Structure formats: structure tokens, C-alpha cells
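Nothing in this text is a laboratory measurement; each read-out follows from the coordinates by a stated rule. Keep in mind the model is a prediction, meaning the values are calculated, not measured. In this analysis, Cβ positions are derived from the backbone assuming ideal geometry, glycine residues included, and neighbour counts consider all displayed protein chains.
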Amino acid sequence: MKKIPSTYRPPNFFITISQGEEFNISLASIPSAGYTWNTQYDENILELTKPKETIRITDAIGGGVEELFTFRAKKKGSTEATMIYKRAWENTPEKTMQFRIEVK
């Protein structure tokens with residue numbers, strides 16, 4: 001039986017995970033306004049295991065979604081995943097969030 005990955009959302013910015021385990025970071029987004037989340041992370045410690053998944057949280061037109069990033073902890077160590085919320089055509093992010101990750 002495959003273990004379901006734990007999901008972390010703000011304000012839970014500290015993640016402790018075992019090597020080899022998967023975990024999710026889920027963030028609210030409004031793509032109809034042009035905003036999406038992207039991530040920067042240490043590829044030596046973490047692996048993004050599948051493309052970002054978008055989950056509708058309302059049936060309202062232009063409503064919000066959750067953007068789900070699934071990572072696997074490749075090796076032990078401390079690192080951060082920086083989540084960047086911005087429009088593709090803008091240089092300055094609307095906001096950024098940092099998740100501190102400890103792989104044991």
C-alpha cells in the first residue's frame with residue numbers, strides 16, 4: 001500500500017521528512033488574474049516528482065484554486081523551497097514564501 005504524502009500549507013513553513021518520502025506543498029492561487037506559483041529548490045536534496053497539479057476549490061467563474069507541488073526527499077540535509085507567486089509577464093513577484101525542510 002502506497003503511503004499518501006503529507007500536505008503542508010501556510011502557516012506551516014517548517015517541514016521534517018524522512019529520506020525517500022514524498023510531501024506536498026499546497027498554495028491558494030487565482031490563475032484567472034494571471035497569477036501562478038512556481039518553485040525554486042535544491043535539486044541535490046529534493047526532487048519535484050510530478051508536474052504542478054491544479055485543484056479547483058470553487059465552481060465560481062474566476063474562482064480560486066490550490067496549486068499542489070509534490071516533492072521527494074532524495075537525501076538527508078537541510079534546505080528550503082522558495083515558492084514564488086507572480087504573473088508570467090511581470091518581473092517582480094506578488095509574494096514569496098519559504099518552506100524550511102529538514103530531511104532525516
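Taking the stretch 64-77 as the search range and keeping residues that are out of contact with any Lys or Arg (no Cβ under 7 Å at 6 or more places or on another chain) and more than 19 Å from Arg9 (Cα to Cα), which one is surrounded by the fewest Cβ atoms within 10 Å (Cβ to Cβ)?
Of everything passing the filter in the stretch 64-77, Lys75 is surrounded by the fewest Cβ atoms within 10 Å (Cβ to Cβ).
Restricting attention to the stretch 18-56, which residues are loosely packed, with under 13 Cβ neighbours inside 10 Å and of a type in the set (A, V, I, L, M, F, W, C)?
Ala33, Ile55
Conditions tested, residue by residue: (1) in contact with a Gly (Cβ under 9 Å, 6 or more places away or on another chain); (2) of a type in the set (Asp, Glu).
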{"residue": "Pro31", "(1), (2)": "yes, no"}
{"residue": "Thr39", "(1), (2)": "no, no"}
{"residue": "Lys52", "(1), (2)": "no, no"}
{"residue": "Ile57", "(1), (2)": "yes, no"}
{"residue": "Glu66", "(1), (2)": "no, yes"}
{"residue": "Lys76", "(1), (2)": "no, no"}
{"residue": "Thr96", "(1), (2)": "no, no"}
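Within the stretch 35-58, how many residues are in a strand (DSSP E or B), under 24 Å from Glu102 (Cα atoms) and hydroxyl-bearing (Ser, Thr, Tyr)?
Residues of the stretch 35-58 that are in a strand (DSSP E or B), as a first pass: 35-41, 46-48, 53-56.
With the extra rule that they be under 24 Å from Glu102 (Cα atoms), the set shrinks to 37-41, 46-48, 53.
The next check asks that each one be hydroxyl-bearing (Ser, Thr, Tyr); those that pass are 39, 41.
Adding up the residues that qualify gives 2.
Here are Thr58, Thr54, Thr79: which of them is among the polar types (S, T, N, Q) and under 12 Å from the mean Cα position of the chain (by Cα)? Lay out the reasoning, then the answer.
Numbers: Thr58 fails: under 12 Å from the mean Cα position of the chain (by Cα); Thr79 fails: under 12 Å from the mean Cα position of the chain (by Cα).
Among Thr58, Thr54, Thr79, only Thr54 is among the polar types (S, T, N, Q) and under 12 Å from the mean Cα position of the chain (by Cα).
If I ask for residues that are touching a residue at least 40 places away in the same chain (Cβ under 8 Å) and in a loop (DSSP other than H, G, I, E, B), which ones from the stretch 10-34 would you list?
Within the stretch 10-34, Pro10, Phe13, Ser18, Gln19, Gly20, Glu21, Gly34 qualify.
I need a count of the residues in the stretch 81-94 that are under 24 Å from Gln19 (Cα atoms) and surrounded by 15 or more Cβ atoms within 10 Å (Cβ to Cβ).
Adding up the residues that qualify gives 2.
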